[in-house]
Amino acid sequence: MQKIGFLLLLFLGFSQNYFSINKPAQDKDEIQKLIDQSKRFLEQRNKPNALLSVNKAINLSKTKKNADQQILALNQKGKIHMAFREFGEAVKVFESAIKLPSSNKNCEIFNNLGVCKFNLGKGYESIQACLQAKKCYEESKEVAKVNSTLYMLGWSHAYVGEYDKASQYFLKQLEILKKDTAQVLNKGKVYRGLGINASMKGDFKSSINYLNQALNISNSKKDIVGTFENLSALSSSYAQMNDFDNAFKYSEKGLIEANKINDEAVILEAKMNAITALVGLKKFDKASTFITEISKDTAKYYFVPTFKVQYYQNNSLIQEGLGNYKDALHSQKRLKQYNDSIISVNNTIGISQLKDQYNFEKDQNTILAQKTELGKQAIKLKNNTILTIIISSVAIICLVIFAFSIYLKREKRKRLDLLSLKFKDGFNEYLKTKYDLTQQQLELWLKIVEGVEEVQIAVSFFKSAETINRWRRQLYAKLNSVEETDKHYTKPKAIILYNKEVDLFKELSNR
């Protein structure tokens, strides 16, 4: 009944506003009215009407040859696409706005462009856009906005594997925030950024320290969403360390907060954390209960490919642990399907950062606005719009930044059609011992054998193509050191050698 009531309200809202959308514009203030109307529709998650209003504003600004207002309208249109995770469309809109001849460039467009590029997996382009935003804000002397770009630059550098640079930006941001006692919640966001960056780097001690500081802040401010995000990040970080007891402890706490938030996507993520920890603890019966609960959500919009990778990876391990080998192999096939496509669906890593970026700007704008009563009123509508976008993005939170790294950490247990399930772990250890491979080198070899594209390998390891090429050369050198048959290993030869080892290991195992 609640859903029917909600749909009825949406219908009534549409019928009440339809004719107002189509009123002819009579003066130049009509453009801003249409933009504001679009913002209100976006708050209602009414995408068709939001686009209808803003497109009318764009066309009207073109007719009046008002480039400044056209840029404002295009920025709003880009935000609509961002709110619905259509980052490719948003990029087209923002880039068209940047090309317009106007002396009054909207700096926010560069910042939004950086967020979109980040979500599309274009880390270096994201950095360039954020640097342009920073320069633009500096020229317009918007100090608070300059500071907020440091935060996004931190995420962008972390994404491309430049963890030290990321840390520098986060720490610089933190130093600025420490001077303002009103910025406590934003300090927590930066601590979370530092924690996730450290975890990606493999510095788990620092990661746990930073995330605990972030958790203390969110707890003290009774920030339920922030508390959940920090608990989720802690659970993920402990899982990467193979400390599944703590991973499960924090996932349970996270589930309590998720239920308070009462959002389907947030609850899904909390349960996914718990499943990952329970699988690590080999408590397959309990994990099976959770996986059954979330199986009904796989068709929902927020069940993005990154989550599907985790879902099928975990389900494969659960079914094997329960002795259901046929179901385990079925999940393994679905896993490969989604893993192969994960780069092409907006690289959901970073949606949490999009949300954090909106949170960050909202908090800073609110603090500045509170200096005057007029400021409080002026910022109210903007904060409401931003809050709606935050809520719509909360489905993907800080765990997503770890999705690839957790997946890779447990890739050694991945099922290959060539191998019997019960021999897989032993085979990996056999390869590592025979060729003196590190875990990273073994995982790289597996990806080469599976035919994963170069760009996917680089992204999945959070490394540059140059770094992956160096790792590959080191891997081939180790293969040569044992085989001594070919001084120049290539991808096809690495695959042939792997298949030979599969046959040899099967033969040894059957003796």
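The values are calculated or read from the model by the stated rules, or taken from the named source; none is laboratory data. Please read these numbers as outputs of a predicted model, since none were measured by experiment. Note: ideal-geometry Cβ built from the backbone for every residue, glycine included; neighbour counts use all protein chains shown.
Looking across the range 270-323, just one residue is under 16 Å from E252 (Cβ atoms) and among the acidic types (D, E), and that is E293.
For the range 178-209, a residue qualifies if it is of a type outside the set (A, V, I, L, M, F, W, C), in contact with a helix residue (DSSP H, G or I) (Cβ under 8 Å, 6 or more places away or on another chain), free of Cβ contacts under 8 Å to residues at least 60 places away in the same chain and closer than 17 Å to A144 by Cβ, and the qualifying residues are K178, K187. Residues in the range 103-149 that are closer than 20 Å to G161 by Cβ and aliphatic (A, V, I, L, M) were compared, and the one that is surrounded by the fewest Cβ atoms within 10 Å (Cβ to Cβ) is L131.
You will find that of G202, G193, G161, the residue that is crowded, with 17+ Cβ neighbours inside 10 Å and on the phi > 0 side of the Ramachandran plot is G161 and no other. Among residues that are under 24 Å from S206 (Cα atoms) and of a type outside the set (A, V, I, L, M), G254 is included.
Do we have any residue at all in the range 64-86 that's charged (D, E, K, R), free of Cβ contacts under 8 Å to residues at least 24 places away in the same chain and assigned to a helix (DSSP H, G or I)? No, the conditions are met nowhere in the range 64-86. Considering the conditions (1) over 23 Å from L131 (Cβ atoms); (2) over 21 Å from the mean Cα position of the chain (by Cα); (3) not assigned by TED's automatic domain parsing to the domain that holds M272, K249 is excluded by exactly one of them, (3). The set of residues from the range 82-100 being at negative phi and among the basic types (K, R) comprises K92, K99. Number of residues in the range 210-236 that are farther than 20 Å from K283 by Cβ and either among the small types (G, A, S) or in contact (Cβ under 8 Å) with a residue 40 or more places away in the chain (or both): the value is 9.
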